[in-house]
Amino acid sequence: MKQPTLQLLLAARRETRPAVLVTELSDGGQTLIAEGAPEGDLPLTPALREAVEKARRDDRSGVAETDGKSFFIHVLQPPLRLIVVGAVHIAQSLAPMAALAGYAVTIVDPRRSFATDERFPDLVVRNDWPDEAMVELKPDGRTAIVTLTHDPKIDDPALDCALRSSAFYIAALGSRKTHAGRLERLREMGHDAHALARIHGPAGLSLGAVSPAEIAVSILAQMTGVLRNGAAA
């Protein structure tokens, strides 16, 4: 691997940024695709770019046959994370489901009677306010953020921080009426229509879900659709 490519790869890993390293198996030519222009000596044809995007969407490294050549596409992704704001009953179902799906889950709720290790075993539980927690958690493009409390004092600061991040999925629980009021408050915080459209509200797919577990399934399903397809399912 040439030095500029290696330096870019190391920087991406250090800063937990996604990257894809493409290697032509016949001659060892390589190109790294991260932020900015690709780095390397391997030209990216339209067919090869399509193969790279598919590998990136699938989170799966492997050999691709295209343009009459063989390439190894190595997908380097930061870990998936889910930040759940509100240690409520839905969170008790959503958190373990998301963990099984490969997410590192953090529960954030300043209400210590709700956010306890006993209610959320084997998960990271934080009792600070969401805006304070977000400063340390630094949500990135592999992070999903879901607010569940219905309490503007807790949900609104979390959504404000989420919209200022590159989180790939942002959702808030509540009725359409509740969501309309929430959007108005966030608009007053300086968020425009484009930013507000990032929020999935009410959270989850429209499945007719009733119980906390069913609602958790609908949220995880929608989150998966956005992760894999780049848009709401």
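Could you list, in sequence order, all residues of region 53-85 that are within 18 Å of I145 (Cα to Cα) and touching a Gly at 6+ places or on another chain (Cβ under 7 Å)? Within region 53-85, L80 is the sole residue that qualifies. Restricting attention to region 106-161 and to residues that are of a type in the set (K, R) and in a loop (DSSP other than H, G, I, E, B), the residue that is nearest to the chain's Cα centre (by Cα) turns out to be R142. Strands (runs of 3 or more DSSP E) fully within region 16-95 that include at least 1 residues being in contact (Cβ under 8 Å) with a residue 60 or more places away in the chain: 69-76, 81-85.
Picking from P130, P110, P139, which residue would you name as being open to solvent by less than 50 Å² (accessible area, probe 1.4 Å) and in contact with a Phe, Trp or Tyr (Cβ under 6 Å, 6 or more places away or on another chain)?
Testing whether each residue is open to solvent by less than 50 Å² (accessible area, probe 1.4 Å) and in contact with a Phe, Trp or Tyr (Cβ under 6 Å, 6 or more places away or on another chain) leaves just P110.
When the residues of region 1-48 are filtered to those that are in contact with a helix residue (DSSP H, G or I) (Cβ under 7 Å, 6 or more places away or on another chain) and β-branched (V, I, T), which remaining residue is surrounded by the fewest Cβ atoms within 10 Å (Cβ to Cβ)? It comes out as V20.
Screening G204 with (1) on the phi > 0 side of the Ramachandran plot; (2) open to solvent by 30 Å² or more (accessible area, probe 1.4 Å); (3) in contact with a strand residue (DSSP E or B) (Cβ under 8 Å, 6 or more places away or on another chain) gives one miss only, at (2).
Condition check ((1) among the polar types (S, T, N, Q); (2) in contact with an Asp or Glu (Cβ under 6 Å, 6 or more places away or on another chain); (3) open to solvent by 60 Å² or more (accessible area, probe 1.4 Å); (4) closer than 25 Å to P139 by Cβ) across all residues:
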| site | (1), (2), (3), (4) |
| --- | --- |
| E50 | no, no, yes, no |
| A55 | no, no, no, yes |
| R60 | no, no, yes, yes |
| V63 | no, no, yes, no |
| L76 | no, no, no, yes |
| R81 | no, no, no, yes |
| V85 | no, no, no, yes |
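The values are calculated or read from the model by the stated rules, or taken from the named source; none is laboratory data. These numbers come from a predicted model, not from an experiment. Note that we place each Cβ from the backbone using ideal geometry, even for glycine, and neighbour counts take in every protein chain shown. Keep in mind that these areas ignore ligands, DNA and RNA; they rest on the heavy atoms of the full protein, side chains included. Shrake-Rupley method; radii C 1.70, N 1.55, O 1.52, S 1.80 Å.
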